[in-house]
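Structure first, then comments.
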Amino acid sequence: MFLRRKHSQKDGSDQRDSKVSELRTAIGPLSGRSAKYCTDACLRRYLEARNWNVDKAKKMLEETLKWRLTYKPEEIRWHKVAHEGETGKVSRANFHDHQGRTVLIMRPGMQNTKSAENNIRHLVYLLENAIMNLAEGQEQMSWLIDFTGFSLNTSIPIKVARDIVYILQGHYPERLAVAFLCNPPKIFEAFYKAIKYFLDPKTAQKVKFVYPKNKDSMELMKSYFDVEDLPGEFGGNGTLKYDHEEFSRLMAEDDVKTAKFWGIDDKPYHIANGSGHSAAEVAPEPAAAPIAQRVS
């Protein structure tokens, strides 16, 4: 029985490798950033998202390549979207989950702007940044969403939420491991019902509603995170205060690595500190080699 199971696992792996090769042949020769993007791991994610149907995965991947060619997410730089992040409504955490995955923290109650385009661009930037910061061999990220201060005044329009869902599902397949919605208020329920209509069933299964005062919720959170890392608003013992100036410095350093990986000749620029004065100039420097396996 053990041997049969072992052979079955090997056969399944061989079949999936074959599907990856089939998809690579189907999309044809690629060059430049498209070739860099389409690693075997990348192709596997698109196949997984389409239940290993090569034709459907090909269509999905081609749509992404067109989108990346026009939207150019790898060219977004922090100093262009930093104003969106002044309140810390979306940021990368300084800790990982138990699997070593990058953690994005979202605070919809801290919404500070009205521009749909800039809100989406800011989020896309942080998705790309989170991917770049994934540990070696890691494919997915975790989201922690804190609803403190959420109201109808701070909620984004349904259309913007729909566009975000489309980008996440259509162009970042199998990148989300889990999303914890912490203490969502009653008024969010109707909002979520509208959003859920656009969610793929696989994505919807990754969304978890948790409440810090609920024992089952906390046990679930502990199965994903170290309680000492987890900020208090998520039921942990940690503290995490958003420092826009420090976060901007970290993002500027990451921008250098991003430009290096994609072969973009970025010009040095100045980062404005929290008081509005110009801070140190950031110039390109060599990036770490493992990034190549993480961005695609």
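Since every read-out is calculated from the coordinates, none of them should be taken as a lab result. Bear in mind that the values here come from a model prediction, so they are computed numbers and not experimental data. Glycine also receives a Cβ, built like all others from the backbone with ideal geometry; neighbour counts cover every protein chain displayed.
For this structure, a couple of remarks:
- Using the Cβ-Cβ distance between Gln15 and Lys80 with R0 = 51 Å, the FRET efficiency computed as 1/(1 + (r/R0)^6) comes to roughly 0.70.
- Inter-site label distance for Glu48 and Thr87 at 7 Å from Cα along Cβ, in nm: 3.4 nm
- Modelled FRET efficiency - R0 41 Å, Leu152 with Asp265, Cβ distances, 0.05 increments: 0.35
- When each of the peptides 31-41, 138-148 is scored by how many other beta carbons lie within 10 Å of its residues on average, the order from highest to lowest is 138-148, 31-41.
- Highest-MSF residue in the chain out of Ile76, Ile187, Ile131 [GNM, Cα springs under 10 Å]: Ile187
- Taking amide H atoms as placed 1.01 Å from N in the peptide plane, the amide H of Lys208 lies under 5 Å from those of Ala179, Phe180, Leu181, each 5 or more residues away in sequence or on another chain.
- A cut-off under 13 angstrom between Cβ atoms defines the neighbours of Lys66, and their net charge, with Lys, Arg +1 and Asp, Glu -1, is +3.
- For the cross-link pairs Lys66/Lys260; Lys202/Lys257; Lys114/Lys208; Lys80/Lys159; Lys89/Lys206, the ones whose C-alpha atoms lie over 25 Å apart are Lys202/Lys257; Lys114/Lys208.
- log₁₀ of I(q)/I(0) at q = 0.17, 0.24 Å⁻¹ - segment 117-223, Debye sum with one point per alpha carbon: -0.93, -1.58
- Selection from Pro108, Asn118, Gln138, by position along the positive dipole direction of segment 7-143 (Cβ): Asn118
- Our summary of shape: the Cα atoms of the chain have principal axis extents of 58, 51, 36 Å, ordered from largest down, in whole angstrom.
- Amide proton proximity set for Phe225, modelled H, under 5 Å, gap of 5+: His98
- 11 Å cut-off, amide nitrogen to a point 7 angstrom out along Ala190 Cα→Cβ, residues in segment 132-161: 152
- Spin-label model distance (nm) - Leu220 vs Glu62, 7 Å beyond Cα toward Cβ: 3.9 nm
- Kirkwood-type hydrodynamic radius, segment 15-71: 11.2 Å, calculated from all non-identical alpha-carbon pairs.
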